[in-house]
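Note sheet for the following structure.
The values are calculated or read from the model by the stated rules, or taken from the named source; none is laboratory data. Computed from a predicted model, the values in this text were never measured in an experiment. Glycine gets a Cβ as well: all are built from the backbone with ideal geometry, and neighbour counts include every protein chain shown. For accessibility, only protein heavy atoms count, side chains too; no ligands or nucleic acids. Shrake-Rupley method; radii C 1.70, N 1.55, O 1.52, S 1.80 Å.
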Amino acid sequence: QLFASSQSTQPLKFTTSDSCDRIKDEFQFLQAQYHSLKLECDKLASEKSEMQRHYIMYYEMSYGLNMEMHKQAEIVKRLNGICAQVLPYLSQEHQQQVLGAIDRAKQVTPPEMNSIIRQQLQVHQLSQLQGLALPMTPLPLGLTPPTLPAVTSSSGLLSLSSILASHAHLAKEDRSSRDGAEGHREDDADKSN
């Protein structure tokens with residue numbers, strides 16, 4: 001009986017080599033898990049740094065747009081003041097026309113604004129592609145500007161400040177060139193007298 005009972009308990013006993021093999025297998029499994037978790041952690045860290053970079057970029061763009069919006073609001077306020085100062089000097093008929101035009105100018109709908117931004121962006125992109133200044137005069141009758149791919153509202157907003165800056169710069173250049181041309185005409189008139 002003793003012999004039989006010792007035989008039945010024998011399979012339950014583990015040898016040292018079996019235990020070592022099991023521990024080694026568990027260690028390798030844990031090591032593989034650690035490696036995969038480390039890779040995932042590295043991936044998340046790189047994604048986090050990329051997200052932070054995007055956040056900074058979008059913050060700078062929103063700050064720039066906010067500044068541009070305040071600048072444009074100030075320009076509008078000043079132009080409104082100039083219109084209010086000049087308006088009394090016009091005749092009654094012209095005053096009514098100007099007041100009507102001002103009222104129409106204040107009634108810009110969001111679809112119109114999107115259309116304006118899209119057109120300005122297309123002209124801006126076209127001028128960048130050709131390396132030329134933005135055209136300040138309309139095209140001759142029958143000619144249409146080449147079409148560019150549609151612009152999304154987000155890219156339109158992001159490009160708005162650069163478009164506005166380039167328009168302001170071109171308007172200033174256009175004014176100075178007109179002033180220069182008028183100065184030459186006056187000089188020519190003085191010489192002819």
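Within the range 45-66, can you find the residues that are aliphatic (A, V, I, L, M) and open to solvent by 100 Å² or more (accessible area, probe 1.4 Å)? Selection gives Met51 alone. Within the range 116-145, residues that are closer than 23 Å to Ala105 by Cα and open to solvent by 60 Å² or more (accessible area, probe 1.4 Å) have Cβ atoms under 9 Å from residues that are polar (S, T, N, Q) and modelled with pLDDT of 50 or more in these pairs: Pro135/Ser127, counting only partners at least 6 apart in sequence or on another chain.
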